[in-house]
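Read the structure below first, then the notes.
The values are calculated or read from the model by the stated rules, or taken from the named source; none is laboratory data. Since we're looking at a predicted model, the values are computed, not measured. We work out accessible area using only protein heavy atoms, side chains counted, and drop any ligands, DNA or RNA first. Shrake-Rupley method; radii C 1.70, N 1.55, O 1.52, S 1.80 Å.
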Amino acid sequence: DLLTEPETVEQVAFARRTYRERQEAMSAALRANGWDVATADGINLWLRVDDERDAVVQLAAAGIRVAAGTPFLTTPGGQFIRVTVGQVRDDFAAVGAQLAAAGTLLA
C-alpha cells in the first residue's frame, strides 16, 4: 500500500525532480569549468581523476566530501570519485569549480 499511496508517490516524484535539478545545475557548473559532461541520472556523479586519494583529500580540505570510486568498480578502468550530487543544495558554481580542479580534464 505504501508504494501506491498518493502522498508517497508525490514525495518520490518531488525527490526525483529535485535530484534532477541538482544534477543539471552541477553539470552546468562543470561545463562552465571546461568539462564536457552530460547530466547524469540519479543522485551520483562519477568524475575521472588522476589520483583518487589526492582528489578526496583535496576536496575534503575544501569542505566537500566525496568517495573514492575504486571500491565501486567491477573492473579496473581508471580512477574516479563518486559525488553524491543529491546532497548539494546550493553554490553549485563553487562546488563545480572545486570538483573540476580535482578531476582530470579529458578534452
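Taking a ≥ b ≥ c as the square roots of the eigenvalues of the Cα gyration tensor, the chain is prolate, since a/c reaches 1.5 or more and a/b is larger than b/c. Database remark: amide H of Val49 closer than 5 angstrom to the amide H of Gln79, Phe80, Ile81, Thr104 (H placed geometrically; neighbours at sequence offset of 5 or more, or on other chains; Pro and chain starts carry no H). For region 23-86, the per residue solvent-accessible surface stands at 56 Å², with DNA, RNA and ligands left out and a 1.4 Å probe. Across region 14-23, rounded Karplus estimates of 3J(HN,Hα) from the backbone phi angles (6.51 cos²θ - 1.76 cosθ + 1.60, θ = phi - 60°) give 5, 4, 4, 5, 4, 5, 5, 4, 5, 4 Hz, Gly and Pro being marked x.
Derived scalar couplings between HN and Hα for region 30-38 equal 5, 4, 5, 9, x, 8, 9, 10, 9 Hz in order, rounded to whole Hz, by the Karplus curve 6.51 cos²θ - 1.76 cosθ + 1.60 (θ = phi - 60°), x for Gly and Pro. For the chain, the relative contact order works out to 34 percent when only alpha carbon pairs closer than 8 Å and six or more residues apart are counted.
The phi-based Karplus calculation (6.51 cos²θ - 1.76 cosθ + 1.60; θ = phi - 60°) puts the 3J(HN,Hα) values of region 44-58 at 10, 10, 10, 10, 6, 9, 6, 9, 4, 4, 4, 5, 4, 5, 4 Hz, whole numbers, x for Gly and Pro. Please work out whether region 38-95 counts as rounded, prolate or oblate from its C-alpha gyration tensor, where a ≥ b ≥ c are the square roots of the eigenvalues and a/c under 1.5 means rounded, while otherwise a/b larger than b/c means prolate and anything else oblate? Because a/c hits 1.5 or more and a/b fails to exceed b/c, region 38-95 counts as oblate. Carbon-plus-sulfur fraction of the accessible area of the chain, 1.4 Å probe, in percent? For the chain, the apolar C and S fraction of the accessible surface comes to 53 percent.
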